[in-house]
Amino acid sequence: MPLALLALAIGAFGIGTTEFVIMGLLPEVATDYSVTIPTAGLLVTGYAVGVLMGAPLMTVLGTRVPRKRMLMLLMGLFIVGNLTSALAPSFGVMFAGRLIASLAHGAFFGIGSVVAADLVAPQKKAGAIALMFTGLTVANVVGVPMGTLVGQHFGWRVTFLIVAALGVVGLAGIARLVPEQPRPQGVRLRHELIAFRNTQVLLAMAMTVLGFGGVFAAITYIAPMMTRVAGFADGSVTWLLVLFGLGMIGGNLLGGRYADRRLMPMLYVTLSALALVLALFTVTAHHKIGAAITIALIGAFGFATVPPLQKRVLDQAAGAPTLASAVNIGAFNLGNALSAWLGGIVIEAGLGYTAPNWVGALLAGSALVLAVISGALERRGTAQSRVAGSGTATERRPASRPTVG
């Protein structure tokens with residue numbers, strides 16, 4: 001694998017830290033701004049919506065800029081957003097800072113996925129994408145727990161200052177390691193939009209929204225769930241996030257490995273397991289050991305869907321993958337926003353802090369249904385192509401001459 005993938009992973013590490021660290025700090029942020037935890041959860045929703053909006057916008061702008069320079073510009077935007085969050089005097093400014101940082105997220109992973117896939121042989125594309133996303137998963141083992149620990153002891157603002165510094169490191173890594181690449185030639189918005197006429201592309205994005213949304217329904221409220229239901233101390237949330245991150249790393253690498261072999265069966269298995277584990281979390285959340293094991297499994301099964309879903313979009317949008325790839329990253333975050341919002345609704349309705357787990361299970365189950373439909377449509381299309389090909393071959397075969405007796 002090319003060294004340039006390390007640079008992409010460094011940038012992904014910084015972005016992953018800022019995306020997930022807020023979950024472990026929701027109680028501290030809510031207390032500082034005198035808002036409720038569901039209101040503080042809007043920082044998760046707002047970030048996700050920003051990714052959804054920023055992914056196509058920044059990607060379209062990026063078609064006029066060489067890819068390396070665009071990745072550097074996106075990291076610069078990420079740094080500004082996190083500095084704004086760290087210095088925010090009010091909840092509204094904090095929300096704005098999160099929104100600014102989020103605009104870089106979708107385009108970075110979208111463009112980065114295309115760059116990573118182009119750097120390797122066709123049979124290694126999902127593995128290359130998985131390696132880039134390893135930066136995101138490692139952030140959950142190192143960046144997020146450390147950021148949570150620092151935020152709980154020295155204030156959450158210090159955490160976001162450190163995240164901004166991570167952005168500087170990511171920017172330097174891209175400048176140093178990613179090779180210069182020419183601006184994409186012949187790329188037009190109309191050409192990129194054609195990919196969205198493909199039913200399989202739309203189904204893959206819908207699976208992304210619902211499947212990974214199931215993960216965020218539970219994880220967004222992990223801090224209050226674990227401290228107020230399972231009985232963990234506040235400091236234990238850090239180590240629970242480490243378990244979640246370790247699960248993400250394992251699931252991401254596993255998903256990348258098998259997506260290059262049997263993509264759709266991999267999705268069937270992981271989405272089924274994810275729905276089951278999220279449903280079980282409503283029970284295991286009341287027991288410390290069970291909760292810890294379940295959190296790791298949610299990370300594993302949830303992130304095992306990421307490489308196959310991203311590769312699915314790239315394969316189905318062949319010829320115009322950049323915008324579709326970025327929009328699919330936005331779809332991940334649309335799922336995050338939807339699930340965080342729905343999780344806040346069921347909590348405010350008085351259903352308890354474990355209620356978002358049911359929301360997650362239903363979302364993951366819905367993604368499984370779409371995966372089955374997508375697979376069936378693909379098999380039907382393959383069968384029809386074979387029949388059509390057979391018919392054409394028969395028509396072209398010369399007629400046999402009659403036997404003269």
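The values are calculated or read from the model by the stated rules, or taken from the named source; none is laboratory data. Every value quoted in this text rests on a predicted model; they were computed, and no experiment measured them. Virtual Cβ from ideal backbone geometry, glycine too; neighbours counted across all protein chains shown. Just the protein is used for accessible areas: all its heavy atoms, side chains included, with ligands, DNA and RNA removed. Shrake-Rupley method; radii C 1.70, N 1.55, O 1.52, S 1.80 Å.
Computed quantities for the displayed model
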| quantity | calculated |
| --- | --- |
| Residue within segment 246-263 that is outside any helix (DSSP H, G or I) and crowded, with 19+ Cβ neighbours inside 10 Å present | yes |
| Condition check for Gly16: modelled with pLDDT of 85 or more and on the phi < 0 side of the Ramachandran plot | yes |
| Qualifying positions in segment 124-180 - more than 22 Å from the chain's Cα centre (by Cα) and among the basic types (Lys, Arg) | Arg157, Arg176 |
| Residues within segment 355-381 that are closer than 18 Å to Val269 by Cβ, in contact (Cβ under 8 Å) with a residue 60 or more places away in the chain and among the β-branched types (Val, Ile, Thr), tallied | 2 |
| Any helices (runs of 4 or more DSSP H) falling wholly within segment 133-234 and containing at least 2 residues that are open to solvent by less than 30 Å² (accessible area, probe 1.4 Å), basic (Lys, Arg) and at pLDDT below 80 | none |
| Single condition Leu57 does not satisfy, out of (1) in a helix (DSSP H, G or I); (2) crowded, with 18+ Cβ neighbours inside 10 Å; (3) modelled with pLDDT of 80 or more | (2) |
| Pairs, first within 14 Å of Gly290 (Cα to Cα) and of a type in the set (Gly, Ala, Ser) in segment 219-230, second part of a helix (DSSP H, G or I) and open to solvent by less than 10 Å² (accessible area, probe 1.4 Å), C-beta under 6 Å, six or more apart | Ala230/Ala291 |
| Test for Gly11: is it in a helix (DSSP H, G or I) and within 25 Å of Ser236 (Cα to Cα) | no |
| Residue match in segment 334-341 (condition: within 25 Å of Tyr47 (Cβ to Cβ) and aromatic (Phe, Trp, Tyr)) | yes |
